[in-house]
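Notes for the one structure printed next.
The values are calculated or read from the model by the stated rules, or taken from the named source; none is laboratory data. Keep in mind it's a predicted model, so treat the numbers as computed, not measured. Reconstructed Cβ throughout: ideal geometry from the backbone, glycine too, with neighbour counts over all protein chains shown. Please note that ligands, DNA and RNA were not included when accessible areas were found on the heavy atoms of the full protein model with its side chains. Shrake-Rupley method; radii C 1.70, N 1.55, O 1.52, S 1.80 Å.
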Amino acid sequence: MRYIALILAPAIVLSALAVAGAAETAALSPTKIAVFPFEMEDFSAAAGYIPPDEIDREQLRLSTEEARRLIAESGRYQLVDVGAVNAEAAKAGKLRDCDGCEARIAAGLGADQSMIGIVTRVSRTEYAVTYKIRDIRSGAIVDTEQTDLRMGANVAWSRGARWLIQNRLLERVK
């Protein structure tokens with residue numbers, strides 16, 4: 001009996017260490033996230049008369065790039081390439097209106113989470129920048145944050161995205 005205990009004790013200790021090491025590695029591995037291009041929704045009085053222009057599109061692109069850069073540099077996330085997505089809602093810039101379809105798209109890309117960014121134009125000088133992150137397995141929103149920009153211009157959108165990522169998303173994850 002003593003002989004069996006001498007053999008089993010090290011095996012049990014080694015098994016426990018292996019399980020603990022695997023759990024620690026899983027906790028340290030970055031979350032795969034699909035960060036889709038920022039979209040604009042325009043509720044301003046001029047929305048029916050002045051469509052989004054090249055300046056708006058460029059500022060959305062810069063906001064997306066800034067969010068992706070900060071997320072990737074954090075080391076807590078691994079960006080999943082969304083460049084080849086062919087879904088109609090993604091092509092039309094309407095992921096915000098598709099009832100969570102971005103999570104299904106991200107799942108097809110091998111991501112753990114999806115993120116959409118939305119710039120809401122209230123007026124030509126008032127904006128809100130929002131991000132929404134969904135878990136791809138459940139489709140549930142796991143994080144959403146917003147910041148308002150008053151008396152600003154569309155060149156401030158990327159600053160709003162940066163502030164949200166740095167002061168909300170990455171501060172919370174630490």
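Data for the structure
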read-out	value
Whether region 48-174 is rounded, prolate or oblate, judged on the alpha carbon gyration tensor where a/c under 1.5 counts as rounded	oblate
Cα-based shape type of region 107-169, given that a ≥ b ≥ c are square roots of the gyration tensor eigenvalues and the cut on a/c is 1.5	prolate
Alpha-carbon centroids, region 96-125 and region 35-92: separation in whole Å	9
Whole-percent carbon and sulfur share, accessible surface of region 101-174, 1.4 Å	49
Cα gyration tensor shape of region 44-106, rounded if a/c is under 1.5, else prolate or oblate by comparing a/b with b/c	oblate
Modelled FRET efficiency - R0 41 Å, ARG137 with ARG159, Cβ distances, 0.05 increments	0.80
Accessible-area order (highest first, 1.4 angstrom probe) of the listed residues ARG121, ARG159	ARG159, ARG121
Cleavage-rule hits, chymotrypsin sites (Phe, Trp or Tyr not before Pro), region 38-123, DSSP coil, Cβ neighbours within 10 Å at most 11	PHE43, TYR49
Sorted peptide list for 85-91, 64-70, 50-56, criterion being average Cβ within 10 angstrom, highest first	64-70, 85-91, 50-56
